[in-house]
1. Could you list, in sequence order, the residues of the range 109-163 that are among the small types (Gly, Ala, Ser) and under 17 Å from residue 90 (Cβ atoms)?
2. Only one of these is under 26 Å from residue 85 (Cα atoms), modelled with pLDDT under 85 and basic (Lys, Arg): 225, 209. Name it.
3. Just wondering, is there one or more residues in the range 382-390 that are in contact (Cβ under 8 Å) with a residue 24 or more places away in the chain, outside any helix (DSSP H, G or I), within 23 Å of the chain's Cα centre (by Cα) and crowded, with 18+ Cβ neighbours inside 10 Å?
4. Scan the range 328-347 residue by residue and report those that are open to solvent by 30 Å² or more (accessible area, probe 1.4 Å) and either touching a Pro at 6+ places or on another chain (Cβ under 7 Å) or assigned to a helix (DSSP H, G or I) (or both).
5. Which residue is nearest to residue 336 (Cα to Cα), if the candidates are limited to the range 452-479 and must be within 25 Å of the chain's Cα centre (by Cα) and either β-branched (Val, Ile, Thr) or open to solvent by less than 40 Å² (accessible area, probe 1.4 Å) (or both)?
6. May I ask you to say which residue of 160, 167, 196, 138 is touching a Leu at 6+ places or on another chain (Cβ under 7 Å), closer than 30 Å to residue 259 by Cα, of a type in the set (Val, Ile, Thr) and buried (at least 18 other Cβ atoms within 10 Å of the Cβ)?
7. Filtering the range 304-327 down to residues that are open to solvent by 10 Å² or more (accessible area, probe 1.4 Å) and farther than 22 Å from residue 479 by Cβ, which residue is nearest to the chain's Cα centre (by Cα)?
Amino acid sequence: MEGSRTKNSMRNITAGILNKCVMLLFPFAIRTVILKILGAEYLGLSSLFTSILQVLNMAELGFSSAVVFSMYKPIAENDENTICALMALYKKVYRTIGTIVLGVGLLLLPFLKNLIKGDCPGDINIYVLYIMYLFNTTVSYFLFAYKNCLLTAHQRADITSNVLSVTQCMQYIIQIIVLFAFKNYYVYFIISPVFTIANNVIAAHYANKLYPQYVCRGSIHKDKKNEITKSIGGLMVQKISQVSRNSFDSIFISAFLGLTASAVYGNYYYIMSAIHGVLSVVVPAITASAGNSIVSESVEKNHNDFKKINFIYLWIAGWFTICLACLYQPFMVIWVGDKLLLPIATMVLFCIYFYSNAIGDVISLYIQSAGLWWKVKYVYLLNAVSNIIMNYVLVRLYGVFGIVLATIITGLVFGGFQLCRILYREYFKEYSFAKYLCRILLYFCVTCAVGGLTYAVCVFVGEKGLTVFIIRVIICSVLPNIMFFAIYRRTRIFNEAKGILFNALKRKVKKLK
């Protein structure tokens with residue numbers, strides 16, 4: 001069983017990394033072309049509408065995660081009737097959600113102007129464009145998106161990742177061609193819903209092919225439905241928290257600072273989130289494996305796995321954080337020029353934002369896998385409310401710097417600290433939460449020390465220019481990992497985590513042979 005989980009995790013990670021590369025390179029190319037051909041205001045509009053629709057998607061309430069969690073046990077027991085009943089429930093609720101999102105989205109039309117400070121691009125009707133975005137968001141709810149739960153619960157996220165990689169790659173290539181040919185944002189965006197539909201249809205085809213025995217039929221027992229409803233209650237506030245951290249930031253910036261400021265923030269956030277996406281592909285890839293392990297393995301084994309995953313993940317996160325600190329500004333100068341740069345202090349906050357997100361990733365993985373959504377509902381709710389309040393206050397005082405600062409503070413207090421406290425209180429009951437905090441603080445201090453030394457070397461090399469940037473990339477690729485290795489190589493956790501990596505690589509090489 002453990003070998004199967006590891007095999008599925010490695011396969012999911014490989015497909016996820018490929019998908020993240022597509023989602024990193026092509027959107028970067030799209031943003032570049034839009035900036036050069038149309039202007040920063042168009043990127044600001046895109047960030048605003050995307051954020052609004054992410055808020056509306058709170059109607060999903062984390063329902064899919066609750067259903068996937070509920071499938072772990074019947075899949076392990078080969079309970080076909082329960083799985084089919086869950087599918088039927090998922091399909092019905094998803095279409096209800098789509099109707100709600102569409103209706104509420106249309107009700108927001110009269111208020112769009114209030115969310116934009118200053119003028120919009122002259123050739124854009126914001127109401128028409130918003131409706132196009134709304135259709136692209138809601139169409140999946142009415143097609144076969146519910147089929148993805150089968151693939152996820154069976155630890156075959158590699159299929160959805162590969163399908164998404166192909167469809168997104170084709171979409172972005174066509175959109176880039178269209179931008180050069182027509183220089184029209186409407187023509188560019190109308191391609192998106194076409195490939196959204198294609199992605200859902202193809203993923204559903206693979207789900208039907210692999211699991212033809214699962215069809216939408218039957219109904220869920222009342223007790224099981226109550227269990228799912230309770231899980232949704234916890235996941236609902238988790239969704240609100242995530243939206244408040246990511247989507248409301250852009251909305252506040254657009255409303256108080258304007259579309260250009262929103263575009264500048266969006267550029268930095270895009271780079272940070274793209275790198276975080278490459279990092280965090282490990283987490284969703286092993287979510288199903290962790291869920292299966294929690295059901296079938298001891299708490300002691302799961303706690304040991306938790307510590308090892310944390311160490312590996314935060315090593316990589318620390319490395320990426322240092323790369324961001326050393327490469328952010330010179331890269332932005334090459335990409336968008338001096339006029340669209342944020343101050344150094346705000347850039348440093350983005351790096352801290354990145355690392356704080358990474359701290360919460362593995363915690364959220366185990367919260368989700370252990371089904372503790374209901375236990376953490378108030379934490380997520382406090383995170384959401386406090387973040388919105390702090391965004392409103394700090395954006396008026398400090399602009400973009402205030403937005404990022406508000407998100408970091410609320411994320412660490414309510415996202416990292418409180419969530420992990422509950423994880424140890426409810427699941428890792430026999431183990432010390434204080435020791436966990438000391439480990440995380442140690443990893444953070446080591447990252448800061450290594451980052452400071454690496455940054456000093458990069459500053460000595462120079463500040464601007466392509467040659468300087470390439471030299472900095474080489475320094476950041478090698479120096480932090482050498483220092484991490486020198487610091488950690490004699491520790492017990494390093495040798496245990498090293499064993500996991502070596503075994504995974506051996507299995508991968510053996511499979512290739």
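1. 140, 145, 153, 157
2. Of the residues listed, the single one that is under 26 Å from residue 85 (Cα atoms), modelled with pLDDT under 85 and basic (Lys, Arg) is 225.
3. Within the range 382-390, not a single residue is in contact (Cβ under 8 Å) with a residue 24 or more places away in the chain, outside any helix (DSSP H, G or I), within 23 Å of the chain's Cα centre (by Cα) and crowded, with 18+ Cβ neighbours inside 10 Å.
4. Of everything in the range 328-347, those that are open to solvent by 30 Å² or more (accessible area, probe 1.4 Å) and either touching a Pro at 6+ places or on another chain (Cβ under 7 Å) or assigned to a helix (DSSP H, G or I) (or both) turn out to be 331, 333, 334, 338, 339, 340, 344, 345.
5. The selected residue is 473.
6. 138
7. 309
Matching residues to (1) modelled with pLDDT of 90 or more; (2) charged (D, E, K, R); (3) open to solvent by 20 Å² or more (accessible area, probe 1.4 Å):
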{"residue": "355", "(1), (2), (3)": "yes, no, no"}
{"residue": "362", "(1), (2), (3)": "no, no, no"}
{"residue": "376", "(1), (2), (3)": "no, no, no"}
{"residue": "408", "(1), (2), (3)": "yes, no, no"}
{"residue": "412", "(1), (2), (3)": "no, no, yes"}
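The values are calculated or read from the model by the stated rules, or taken from the named source; none is laboratory data. Source: prediction; values computed, not measured. No Cβ is skipped: glycine too gets one built from the backbone with ideal geometry, and neighbour counts run over all protein chains shown. Each accessible area value is taken on the protein alone, full model and side chains, heavy atoms only, with ligands, DNA and RNA left out. Shrake-Rupley method; radii C 1.70, N 1.55, O 1.52, S 1.80 Å.
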